[in-house]
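Everything on this sheet refers to the single structure shown next.
The values are calculated or read from the model by the stated rules, or taken from the named source; none is laboratory data. Since we're looking at a predicted model, the values are computed, not measured. We place every Cβ from the backbone using ideal geometry, glycine too, and count neighbours over all the protein chains shown. For the accessible areas, the whole protein counts, side chains as well, though only heavy atoms, and no ligand, DNA or RNA atoms are used. Shrake-Rupley method; radii C 1.70, N 1.55, O 1.52, S 1.80 Å.
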Amino acid sequence: MRGVVFDGRQVRVVDDLEVRDPGPGEVLVGIAAAGLCHSDLSVVDGTIPFPVPVVLGHEGAGVVEAVGAGVRHVVPGDHVALSTLANCGTCADCDRGRPTMCRKAIGRPGRPFSRGGSPLHQFASNSSFAERTVVKAVQAVRIPPDIPLTSAALMGCGVLTGVGAVLNRAKVGRGETVVVIGTGGIGLNVLQGARIAGALTIIAVDTNPAKEEAARRFGASHFLTSTDGVRDILPTGADHVFECVGHTGLVRTAIDLLDRHGQAVLLGMTAPTAEAGFLPAAMFLDKSILGCRYGSSRPQRDIPLYAELYRSGRLLLDELVTTTYPVEDFGRAVEDMEAGKVARGVLTF
């Protein structure tokens, strides 16, 4: 079968991948579509350290082909969106409704794939850049069959992360003010999360003026190409500032833009050793800096919620998909993403 493999030196689309059958508590999914996210490229450039060779991809949707023993919530033929959260379901954090904090879901890559008899790692417990993948049952979330799989794929990362950061982590309230720095795939979902939450003023900031139309469509009330103009709109600062770029200097900027009792939410991925600086004295007016893993999500709860918000017209998914590419055009999809031409490019099989 076809898939996108990184061997530590180069990325190639291969056609001789194999994947094992699902074991107990696992699901075999035929992937129909997978979103290309910066996190996939962060494995390639070393920002996210990961063992190789690895099958890339972590934002996908498809159709269940087989289930292992003990799996009851999905059956062959079901449409599913895949999460990256292979949480155990039994630890203290899972029991508290915090599956993103499950220690068994982090840093334990499996190797369900093989090529020429040699095993390959699975990225983010998912590897959706393959025609088929095996995931833990908890990662396969059933969705209504009327949602296009090219759109549904994006719920598994970009939507869970961006919308979840607003609703689950920051808990943005009706009438509050929001600044979103960076309007890529995550930033657009933060914007629509703020719109859904009922934020009154939503300022999108991006150095690329071509992104204004999309930012406003997703929920921005204002668009700026620099943070310099934020105080002209919000003289006392913002209730919530989301940093979606992963630039250490913008961490300081996000903090500086806060009003009293404001929250800076860090979503952009920086290098593991990168450091950011700020003035601690600026925090004494009850300001907060919040990290956020995967939108503080509970995928088996949140994905069905977002599916219904989509079906009611409140959550935009189709509009996130700028271009679809056959998996063989992976290189072109990367070029378009790096050039800022797409909100989200989606690979299809």
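Annotations for the structure displayed:
- Flag if Ala153 is touching a Gly at 6+ places or on another chain (Cβ under 6 Å), farther than 15 Å from Gly30 by Cα and among the small types (Gly, Ala, Ser): no
- When region 209-233 is limited to residues that are under 19 Å from the mean Cα position of the chain (by Cα) and open to solvent by less than 20 Å² (accessible area, probe 1.4 Å), the one that is nearest to Val159 (Cα to Cα) turns out to be Phe218.
- For region 3-32, a tally of residues being open to solvent by 60 Å² or more (accessible area, probe 1.4 Å), in contact (Cβ under 8 Å) with a residue 40 or more places away in the chain and part of a loop (DSSP other than H, G, I, E, B) returns 4.
- Qualifying position, being in a loop (DSSP other than H, G, I, E, B), surrounded by fewer than 19 Cβ atoms within 10 Å (Cβ to Cβ), touching a Lys or Arg at 6+ places or on another chain (Cβ under 7 Å) and not aliphatic (A, V, I, L, M), among Gly340, Gly277: Gly277
- Within region 234-269, tally of residues that are open to solvent by 30 Å² or more (accessible area, probe 1.4 Å), assigned to a helix (DSSP H, G or I) and more than 14 Å from Gly182 (Cα to Cα): 2
- Boolean, Gly35 is outside any loop (DSSP other than H, G, I, E, B), in contact with a Cys (Cβ under 8 Å, 6 or more places away or on another chain), crowded, with 21+ Cβ neighbours inside 10 Å and not hydroxyl-bearing (Ser, Thr, Tyr): yes
- Residue that is nearest to Ser39 (Cα to Cα) [pool: residues in region 283-336 that are aromatic (Phe, Trp, Tyr) and touching a strand residue (DSSP E or B) at 6+ places or on another chain (Cβ under 8 Å)]: Phe330
- So Asp302, is it charged (D, E, K, R) and open to solvent by less than 20 Å² (accessible area, probe 1.4 Å): yes
- Within region 38-57, being surrounded by 21 or more Cβ atoms within 10 Å (Cβ to Cβ) and modelled with pLDDT of 95 or more holds for Val54, Val55, Leu56, Gly57.
- Here is the figure for region 186-208: residues that are over 17 Å from Asn168 (Cβ atoms), surrounded by fewer than 17 Cβ atoms within 10 Å (Cβ to Cβ) and modelled with pLDDT of 95 or more total 2.
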